[in-house]
Amino acid sequence: MADRVTVIGWDGSPLTPAAGSALAAATLVAGAAHHLALPEVPKGAERIRLGSVDLAARRIAGHRGSAVVLADGDPGFFGVVRTLRAPEHGLEVEVVPAVSSVATAFARAGMPWDDAQIVVAHRRTLRRAVNVCRAHPKVAVLTSPGAGPAELALLLEGVHRTFVICEELGTDREQVTVLTSDKAADHVWRDPNVVIVIGGAASAAHRGGGWIAAREPGYPPAVRGWALPGESYGKGLGEGESVQLRAAQLARLGPRIGDLVWDIGCGSGALAAEAARFGAAVIAVDADADACARAKATARRSSAQLQVVQGRAPHVLERLPEPDVVRIGGGGVPVVTACADRRPQRIVTHASTRDEAEAVGAALAAGGYDVECALLQSVDMDTGTWEERERSVVFLLSGRRGDSAP
């Protein structure tokens, strides 16, 4: 029985001596159709067309002889090595890597990629991959059937990005196309390996290089911490945007990479910008044109990738993509109900009176949410005289879906 398998990466260039020797001695070879057609594959070797890597691993484990798996690029980078190393297969894995398709794509584009986010898009993860493209200025998307450039472009509607689409890298049919995201949905693409998605305001750290790969926009931040004071946002904060309330709301929202956050009644854009600093994509909504202008200014100042939408909730929400978490800065029960109908994992809002808090809590509960309410009282002190400057009392409400992922 085979207890060892050699995994050979292939990037279109000639095989290395080590890879050639391993392949020449193989009695079983697994790979895609274009791998199995390589002249170096021994004529008498058993050939397995790779579909399910788990099934191939079981065939390899039961094979008497020398097994080789061929894979595109670096097979240890979002590749077959992870599955082959699963304990249940009992295989010892030796890897002969090649240049990864991501590195090749950025080389074709003549761009550095230490500051890029890298995501894998399947049909089940496509929406989260798109949210990363909304939130970050440089993303490499490893695509799959049904989750390619056209699908990315359609879900990015309203967000301008440039696509560098790399089709069939390493083959004689290789093609690199650069076009804007609004044009990508009009084409049929040949199973591309990688789509580089570029756009938005890059931070100074991105422009000048840094010390950590795939760092967040604006990382390290000019000001340490989050829930920053009002003076950090130009003209200061509006009603319902106090430092303490914002900190509590962000803690309950828990925004993260791959999420889409709705900030409804965004005001100055303070919370929206801070949610973006956690790596989430953010759509900031406000009915007031001046508030939208302030939110855009906050985004520029914070190097945050915000999409700002002017419109009155709940009607404006009908055309927005599905959120993961929602912060509601105003609008009361009708807005809470409209958001609950979209079934985000978490909804956070506040109320100024107990009656209002009870009504909002009842709306959340009716929408299928577990409701939490806390009365927050904060007192801003003048540390020169230790006298009270401002007092704030507010009900903080948060709803969490019982059937959602943590």
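Which members of segment 63-95 meet the condition of being in a helix (DSSP H, G or I) and in contact (Cβ under 8 Å) with a residue 12 or more places away in the chain?
Val81, Thr83, Leu84, His89
Identify, please: which residue in segment 19-35 is at pLDDT 95 or above, surrounded by fewer than 18 Cβ atoms within 10 Å (Cβ to Cβ) and part of a helix (DSSP H, G or I) and is, among those, nearest to the chain's Cα centre (by Cα)?
The qualifying residue nearest to the chain's Cα centre (by Cα) is Gly20.
Counting only residues that are more than 22 Å from Pro87 (Cα to Cα) and assigned to a strand (DSSP E or B), which one in segment 36-62 is least open to solvent (accessible area, probe 1.4 Å)?
Top of the filtered list is Glu46.
Being farther than 22 Å from Val159 by Cβ, of a type outside the set (Ser, Thr, Tyr) and either assigned to a loop (DSSP other than H, G, I, E, B) or in contact with a strand residue (DSSP E or B) (Cβ under 9 Å, 6 or more places away or on another chain) (or both): is that true of Leu317 here?
Spelling it out, it is not the case that Leu317 is farther than 22 Å from Val159 by Cβ, of a type outside the set (Ser, Thr, Tyr) and either assigned to a loop (DSSP other than H, G, I, E, B) or in contact with a strand residue (DSSP E or B) (Cβ under 9 Å, 6 or more places away or on another chain) (or both).
Can you tell me which residue is nearest to Val102 (Cα to Cα) among those in segment 152-164 that are in a loop (DSSP other than H, G, I, E, B) and open to solvent by 10 Å² or more (accessible area, probe 1.4 Å)?
Selected residue: Arg161.
Which of the residues that make up segment 165-193 are part of a loop (DSSP other than H, G, I, E, B) and either without any contact (Cβ under 8 Å) to a residue 60 or more places away in the chain or open to solvent by 100 Å² or more (accessible area, probe 1.4 Å) (or both)?
Answer for segment 165-193, where residues must be part of a loop (DSSP other than H, G, I, E, B) and either without any contact (Cβ under 8 Å) to a residue 60 or more places away in the chain or open to solvent by 100 Å² or more (accessible area, probe 1.4 Å) (or both): Glu168, Asp172, Arg173, Ala185, Asp186, His187, Val188, Trp189, Arg190, Asp191.
I need the full set of residues from segment 177-224 which are aliphatic (A, V, I, L, M), modelled with pLDDT under 90 and closer than 17 Å to Gly279 by Cβ, in order please.
Hits for segment 177-224 are Ala201, Ala202, Ala205, Ile212, Ala213, Ala214.
Quick one: in segment 87-102, of everything that is aliphatic (A, V, I, L, M) and touching an Asp or Glu at 6+ places or on another chain (Cβ under 8 Å), which residue is most open to solvent (accessible area, probe 1.4 Å)?
That would be Val99.
Yes or no, residue by residue, for (1) modelled with pLDDT of 95 or more; (2) surrounded by fewer than 16 Cβ atoms within 10 Å (Cβ to Cβ):
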residue	(1), (2)
Leu84	yes, no
Phe106	yes, no
Met111	yes, yes
Thr125	no, yes
Arg134	yes, no
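For segment 352-396, what are the residues that are among the aromatic types (Phe, Trp, Tyr) and within 22 Å of Ala251 (Cβ to Cβ)?
Answer for segment 352-396, where residues must be among the aromatic types (Phe, Trp, Tyr) and within 22 Å of Ala251 (Cβ to Cβ): Tyr369, Phe395.
Could you tell me which of the residues Ala284, Ala299 is surrounded by 20 or more Cβ atoms within 10 Å (Cβ to Cβ) and either within 18 Å of the chain's Cα centre (by Cα) or modelled with pLDDT of 95 or more (or both)?
From the options Ala284, Ala299, the qualifying one is Ala284.
Checking Arg401 against (1) touching a Gly at 6+ places or on another chain (Cβ under 8 Å); (2) closer than 20 Å to Ala280 by Cα; (3) at pLDDT 95 or above, which test does it fail?
Here Arg401 meets the rest and fails (3).
Output the residue which, of all residues in segment 315-357 that are surrounded by fewer than 14 Cβ atoms within 10 Å (Cβ to Cβ) and of a type outside the set (Ser, Thr, Tyr), is nearest to Arg134 (Cα to Cα).
Out of the qualifying residues, it is Glu322.
Give segment 313-366 a look and list any residue that's among the small types (Gly, Ala, Ser) and within 24 Å of the chain's Cα centre (by Cα), or say none.
Ala340
The values are calculated or read from the model by the stated rules, or taken from the named source; none is laboratory data. These numbers come from a predicted model, not from an experiment. Neighbour counts are summed over all protein chains in view; Cβ atoms, including those assigned to glycine, are modelled from backbone coordinates with ideal geometry. Just so you know, the surface numbers come from the protein's heavy atoms only, side chains and all, with ligands and any DNA or RNA stripped out. Shrake-Rupley method; radii C 1.70, N 1.55, O 1.52, S 1.80 Å.
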